[in-house]
Amino acid sequence: MRFPELLINTKKIQHNAQVVSTLLGEKGMSLVGVAKGTMCFPPVAFAMLSGGARAIGDSRILNLKRLRESGYQGETVLLRAPGPSECEEACMWADVSLVSTVLTAELLGESARKLGKKHKVVLMIDLGDLREGVLVEDAVQVAKEMSRIKGIEFLGIGTNLACYGGVIPTIEKMNDLLAVKRDIENALGRELVRVSGGNSANMLLVINDQMPRGITELRIGESILLGTEAVKRTKVPGCFQDAFLVRAEVIEVLRKPSKPFGEIGQDAFGHVPHFEDRGIRRRAICAIGRQDIDPDGLTPVQPGITVLGASSDHLLLDVEDAEEEVKVGMILDFLPNYSALLRASTSPFVRKEVVSHVS
Ligand SMILES: *Cc1c(COP(=O)(O)O)cnc(C)c1O
């Protein structure tokens, strides 16, 4: 066994996907499973599919390519607009792209024609979060231009909230999106088949039965992977919150002062640290660091252990109050948040281990 390890429970992921897809289905929506928190690790994507996801979305073309090469034949959705240099690859590995620029759609159309296919696009509308998307007042014009491009099938519109600006998806925001849909339908003289309403931040609306009818799908990662919604980080009822565990080996346990001694300058990352003096404490170091996880996103499973911080390769823990005495060579378990999961998934130093039973 080599550590650190990311333990991935595909049964729990499948179960969570089932819970989410059923909730969405009751409101007339389908599920796009988003596995980018795991680099679209194929066992995770397939667990989402067997839990009822209609399609798989990812923000990276390479992740979609890997999924295709692992045998997946269903719909792939590229969640981040491809750059002009990537449009050809986007056409090869994605069926649908979320886009906001006419030039991008033109280049996708050109590549699609070259490859003898059609590429589907969803026009992203920025409803205030100020990440991707055109403003509402420009939506109809852009939609008209995109729908005229050869090689492109203009599917409809989408939005993404709560990612940059922290803007919460509300009933009003969803109704704004549906109003844009109607305006575009009037301008094009045809119906739009897709209204992609958002991400795991929309799950509160779903749980509270507040999603307006007309949204056709949500693109959900976090709620399936971690069992939480993304506005208040509350649990999605019926979902597991422990489908992933980060496991690392203890390489030092010593009693030391809790406050560094000597003249204090910058730490390894350019910050001047501050410490509370809690006297002499038992401390442990695990062989995992910022290259592999986000230390602020780790919750120790064993009661009485707290994360003090981390440098690139060392995770520092206070284990004075640990229920079971921590010793060198022990493997400690941590629940990762999204940020820690993302880093563990992308770190080549973290071994991925799949289990498929609910214990
Ligand atoms: C990452 C992403 C999602 C999924 O977000 P979660 O909060 O993990 O559900 C959905 N849509 C877009 C555009 C994304 O980039």
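What follows is calculated from the coordinates using simple rules that are stated; it is not laboratory data. The shown structure was predicted, so the numbers you read here are calculated from the model rather than taken from an experiment. Note that we place each Cβ from the backbone using ideal geometry, even for glycine, and neighbour counts take in every protein chain shown.
Net charge of the neighbourhood of Arg2, taken over other residues with C-beta under 12 Å away and scored Lys/Arg +1, Asp/Glu -1, is 0. Pairs of Cα atoms nearer than 8 Å and 6+ residues apart set the relative contact order; for region 1-150 it is 15 percent.
Neighbour counts of C-beta atoms inside 10 Å place Leu298, Leu67, Leu78 in the sequence Leu67, Leu298, Leu78, starting with the fewest. In this simple spin-label approximation, Ser70 and Met92 carry label points 7 Å from Cα along the Cα→Cβ vector, and these lie 2.0 nm apart.
Within region 262-359, the chymotrypsin sites (Phe, Trp or Tyr not before Pro) that combine a DSSP coil assignment with at most 13 other C-beta atoms in a 10 angstrom radius are Phe269, Phe275. In terms of packing, defined here as the mean over residues of other Cβ atoms within 10 angstrom, the peptides 322-332, 5-15, 124-134, 161-171 line up highest first as 5-15, 124-134, 161-171, 322-332. Our coupling estimate for region 322-337, obtained by passing each phi through the Karplus curve with A = 6.51, B = -1.76, C = 1.60 and θ = phi - 60°, is 4, 4, 9, 4, 7, 10, 4, x, 6, 9, 9, 9, 9, 8, x, 7 Hz, Gly and Pro reported as x. Relative contact order of the chain, taken over Cα pairs closer than 8 Å and 6 or more residues apart, is 19 percent.
For the pair region 281-359 / region 175-235, the C-alpha centres are spaced 34 Å from each other. Annotation for Lys232 and Gln266: the two label points, set 7 Å from Cα along the Cα-Cβ direction, are 4.0 nm apart.
In a fully extended conformation the segment linking Asp321 and Asp183 would gain 43.6 nm over its present Cα-Cα distance, using 0.36 nm per residue. If you take the Cα centroid of region 135-159 and the Cα centroid of region 29-75, the two points sit 25 Å apart. With the highest mean first, a sort of the peptides 216-225, 243-252 on other beta-carbon atoms found within 10 angstrom per residue produces 216-225, 243-252. Dividing the helix sum by the residues of the chain, where each DSSP H run of 4 or more adds -39500 (n - 2.57), gives a mean residue ellipticity at 222 nm of -8500 deg cm²/dmol. Sorting the segments 36-45, 174-183, 195-204 by their residues' average number of neighbouring beta-carbon atoms within 10 angstrom, most packed first, yields 195-204, 36-45, 174-183. Summary value for region 65-191: 21 percent relative contact order, contacts being C-alpha pairs under 8 angstrom separated by 6+ residues.
Within the shell of other residues whose beta carbon sits under 9 angstrom from the beta carbon of Gly33, the net charge comes to +2, with Lys and Arg scored +1 and Asp and Glu -1. Considering only DSSP beta bridges with both partners in the chain, what is the antiparallel share in %, to the nearest 5? If we restrict to bridges inside the chain, about 45 percent are antiparallel.
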